[in-house]
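Comments concern the structure below.
The values are calculated or read from the model by the stated rules, or taken from the named source; none is laboratory data. Because the structure is a prediction, the values reported are computed rather than measured. Glycine also receives a Cβ, built like all others from the backbone with ideal geometry; neighbour counts cover every protein chain displayed.
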Amino acid sequence: MSEQQIKENGQNPVEEFLRMDRMPHIWCSGCGIGTVVASFVEALRKSELDLDKVAVVSGIGCTGRVAGYIKLDSFHTTHGRAIPFATGLKLANPELKVVVFSGDGDIVGIGGNHFVHAARRNMDLTVICLNNFNYAMTGGQVAATTPTLANASTSPYGNFEFPFNLPYLAEASGATYVARWTALHTRRTTKSFREAMERTGFSFIEVITPCVTLYARRNRLGEGLDLLKYYHENSEIKHGEETKNLKIDFQGKLTVGKFVEKEEPTFIDAMNQHLGKVLGDKYELYGRISHDGN
């Protein structure tokens, strides 16, 4: 739908991309997930992608419900299995642009091993991880990303575990595009989402959106947007910063930006190159697969 048509019928431009019959959504007031979804939709609107060839995959948890609201081919998978499901989609139909849109508990907690190996293989996936610092849907338990000293339902005296530095984990595992923003960096998240979807390789974008209901309440960090504003206002943009320096301290300064952008052969490219050498013409005739489906 063109901008002129939107103005004429008064339709909100995001409605074209959302399953409006499922509204209102389940997210809490002040939660940043809806804001990030709006940025994702705006990235789709501005992209050159064929939306009939875009698939969204999510797992379990608050962010995992995103797939049910996006009006594209979307799949709501089991906990921790969004990335292997997305990998299967991509290998079965390489012409698809497959986006994994889920939470930290799903992507790097329960599904951490899948994350590492998909990045290692440079699977052609766009992975968007909304980091809310806990297992929000199940009671606010400590997650792989909960900052040290933070209060959670399973750490009432403060978390003593060391959390993942997700951009560092992504780059060390092999990701070829890595960025981090907060939920209130709306224009920058939109740009990163579009950049990631319009390239090939394993792209990872972390969006910081602390749980406004459980995490904020237990740590007395204010209500609703107060929490999101804190992280936005206490963030510093440092493009190209070494990912090893991106640790998140409890209520400390936050570094955001685009940290990694490089070109490497994808899993499919590497497979075609290797098997083409080994099998020769036989593989070219019967086995080769490509990103455009041929």
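Which residue, of 173, 153, is in contact with a strand residue (DSSP E or B) (Cβ under 8 Å, 6 or more places away or on another chain), in the same structural domain as residue 31 (by TED's automatic domain parsing) and farther than 20 Å from residue 238 by Cα? Just a single option satisfies the conditions, and that option is 153. Only one of the numbered conditions (1) over 21 Å from residue 162 (Cα atoms); (2) surrounded by fewer than 22 Cβ atoms within 10 Å (Cβ to Cβ); (3) touching a Leu at 6+ places or on another chain (Cβ under 8 Å) is not met by residue 251, and that is (1).
Looking at the stretch 130-139 only, could you name the residues that are buried (at least 24 other Cβ atoms within 10 Å of the Cβ) and more than 17 Å from the chain's Cα centre (by Cα)? Answer for the stretch 130-139, where residues must be buried (at least 24 other Cβ atoms within 10 Å of the Cβ) and more than 17 Å from the chain's Cα centre (by Cα): there is none.
If you go through the stretch 87-122 and keep only what is under 17 Å from residue 37 (Cβ atoms) and touching a Cys at 6+ places or on another chain (Cβ under 9 Å), you end up with 100, 101, 102, 103, 104, 106, 107.
Within the stretch 193-248, being crowded, with 18+ Cβ neighbours inside 10 Å and either of a type in the set (Gly, Ala, Ser) or in a strand (DSSP E or B) (or both) holds for 196, 201, 203, 204, 205, 206, 207, 208, 216, 235.
Comparison of 189, 146, 138 shows that the only residue that is β-branched (Val, Ile, Thr), touching a helix residue (DSSP H, G or I) at 6+ places or on another chain (Cβ under 6 Å) and either in a loop (DSSP other than H, G, I, E, B) or under 30 Å from residue 265 (Cα atoms) (or both) is 189. Just to be sure, is residue 21 over 30 Å from residue 212 (Cβ atoms) and out of contact with any Ser or Thr (no Cβ under 6 Å at 6 or more places or on another chain)? For residue 21, the condition - over 30 Å from residue 212 (Cβ atoms) and out of contact with any Ser or Thr (no Cβ under 6 Å at 6 or more places or on another chain) - is not met.
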